[in-house]
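First comes the structure, then the notes that go with it.
Quick note: the coordinates plus some simple rules give every number you see, no bench work behind them. Here the structure is a predicted model, which is why all the values come from computation and not from measurement. When we count neighbours, we look across all protein chains shown, and the Cβ atoms used for this are built from the backbone with ideal geometry, even at glycine.
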Amino acid sequence: MNIDERRRKIIELLAEDNDIPVSRISEMLKVSVVTIRSDLNSLAEEGLIVRTHGGALPAFHQNIIDRQKNMIEEKHRIAKAAAELVNDGDKIMIIAGTTAVLMAKYLLGKRDVHVVTNSTLIFPYARMNPSLHVTLVGGEFKPSAEGIVGAVALKNLDQFHVKTAFLGADGFSLKTGVTADLLETAEVGRKMAEHSEKRVLLADSSKYNKAGFALIGPLNRMDVIITDNKLPKTELNLLKDNGLSVMIV
């Protein structure tokens, strides 16, 4: 288990039981108490946990923690591929979501990139990258999405025009388009698509042929779709036959 895997496991253990002793975490992960305390301090500095008297709490809503655990390797590959589409000096939008927000990690080394986002998860990565300029829209905080939504957020987004919007989805298909489970998230996605020259969808293959509650837009509105190699070849060919540009990672 490498350091990133261990720290993800610590967050999972804290989500299940925030009273779990450091000594117990040490036993379960087979590392020293000193190492666990160092991990907790690092996670707190990154904004991933909140230290309490004698313990710690995850900084994120349980829904986000559960979603982060799903297809984590695929999400990182997708996010890395998306980040490679960004050039120095680009102005971009990144929607709140467990895949899209990982892009910020892979923007390290890019210079003078300005990100407009509604994601509150982006800050730990922004701290690691001083050349990343982040504008967080105002509005209502939605804990289950770790994002800013609502009328104020939509009005804020009207003030910007960017090169590329990087969007996520709870479902995507030729039939139902790009969809989200939350109406508020779909509203933000539509607005970001409206104010960008190019739209890139980041969605792992588990989302394919699924439909969320609210429509972000038709699939052919996306200029590029980035997904993982678990998407069946027949489905990939079907998407390409319909004129869609698909990157498999």
Aspartates and glutamates within cross-link reach of residue 210: Cα-Cα under 15 Å, excluding same-chain residues under 8 positions apart? 170, 181, 235
Give or take rounding to whole Å, what are the principal axis extents of the alpha carbon atoms in region 71-248, in descending order? 42, 34, 28
Find how many whole Å separate the alpha carbon centroid of region 221-249 from the alpha carbon centroid of region 198-218. 12 Å
About its Cα centre, how strong a charge dipole does the chain have in debye, to the nearest 20, once Lys and Arg get +1 and Asp and Glu get -1 at the Cβ? 340 debye
Residue by residue, what Karplus-based ³J(HN,Hα) values in Hz, rounded to whole numbers, does region 106-113 have, using 6.51, -1.76 and 1.60 with θ = phi - 60° and x for Gly and Pro? 8, 8, 4, x, 6, 10, 6, 8
Under a straight-distance cross-link criterion of Cα-Cα below 25 Å, which lysines are reachable from residue 155, leaving out those fewer than 8 residues away in the same chain? 91, 142, 163, 191, 198
Tell me, what ³J(HN,Hα) does each residue in region 197-208 have, in order and in whole Hz, if you take phi through Karplus 6.51 cos²θ - 1.76 cosθ + 1.60 with θ = phi - 60° and put x for Gly and Pro? 7, 9, 10, 10, 9, 10, 8, 6, 5, 5, 8, 5
Spatially proximal lysines relative to residue 30 (Cα-Cα < 20 Å; intrachain offsets below 8 disregarded): 9
Add -39500 (n - 2.57) for each DSSP H run of 4 or more in the chain, then divide by its residues: what number comes out at 222 nm, to the nearest 500 deg cm²/dmol? -10500 deg cm²/dmol
Could you work out the relative contact order of the chain? I mean the mean sequence separation of Cα pairs under 8 Å and 6+ apart, divided by the number of residues, in percent. 15 percent
